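Accompanying notes for the structure given below.
The values are calculated or read from the model by the stated rules, or taken from the named source; none is laboratory data. Because the structure is a prediction, the values reported are computed rather than measured. Cβ placement follows ideal geometry from the backbone for every residue including glycine, while neighbour counts extend to all protein chains displayed. All accessible areas refer to the heavy atoms of the entire protein, side chains included, with ligands and DNA or RNA removed. Shrake-Rupley method; radii C 1.70, N 1.55, O 1.52, S 1.80 Å.
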Amino acid sequence: MRDAEAQPLPEGEFSHLRPLRPCGDERYSSDGSREEAVAVRYFIEPPAGGDVPAVVTEFVGQHAPGGAAEQFKEIGDALKRCPGGLGEGQRRWTVLGTPSAGDQSVLVRIEQKESYADEKKETVSRYAAMARVGDVIVVVTDLGWENTGGSEKLVRDLIGKAAQRAATIS
């Protein structure tokens, strides 16, 4: 994470990313198979020549045998069932493909209309990738900075690394 320190993510913050929840607070039946979970955030300084930092979140959930596979399936179904929209308080979820990470993986763009300070609302895109590695689900999301959005390229890079780390606990 470019030498950024992990900071615990407070309970309930970014709950739609812990794991991906395109249907709002709808619980998955596989949530009950989760034995342990951790969610952290990183404040990543901009690379040389860059102008804004990024905020990246990472969620890791370890499941009882078979639970992560069921969760991955349920989330895939939810992404199809609840694509969302750009109305007030809504998010639009778009599946962009499958990065090669873990046993199964998916990359999504999450868009939302937002404004920063007193600016006019604009569509902001953030990117999240989820991978299943054995009995572990890992989600990495680039939230960008304020209303600048995130980086698909950064998320594609980080999910591979996160999946490698998850393999050590799977």
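Among 109-121, 150-162, 21-33, sorting by the average number of other beta carbon atoms lying within 10 angstrom of each residue, highest first, gives 150-162, 21-33, 109-121. Rolling a 1.4 Å probe over the heavy atoms of the protein chains gives the chain an accessible area of 51 Å² per residue. Restricting the range 58-95 to GluC sites (Glu not before Pro) that sit in a DSSP loop and have at most 10 other Cβ atoms within 10 Å of their own Cβ leaves Glu88. A Stokes-Einstein calculation at 10 °C with viscosity 1.306 mPa s, built on the Kirkwood radius of the chain over Cα pairs, returns a diffusion coefficient of 98 µm²/s. Placing unit charges on the Cβ atoms only, positive for Lys and Arg and negative for Asp and Glu, gives the range 6-124 a dipole magnitude near 400 debye about its Cα centre.
Just name one of Gly89, Leu79, Leu20: the one whose Cα is farthest towards the positive end of the charge dipole of the chain (beta-carbon charges, Lys/Arg +1, Asp/Glu -1). About the Cα centre, the residue reaching furthest to the positive side is Leu79.
When the solvent-accessible area of the range 114-167 is split by element, carbon and sulfur atoms take up 46 percent of it, the probe being 1.4 Å.
For the pair Lys120 and Asp31, label points projected 7 Å from Cα toward Cβ lie 3.9 nm apart.
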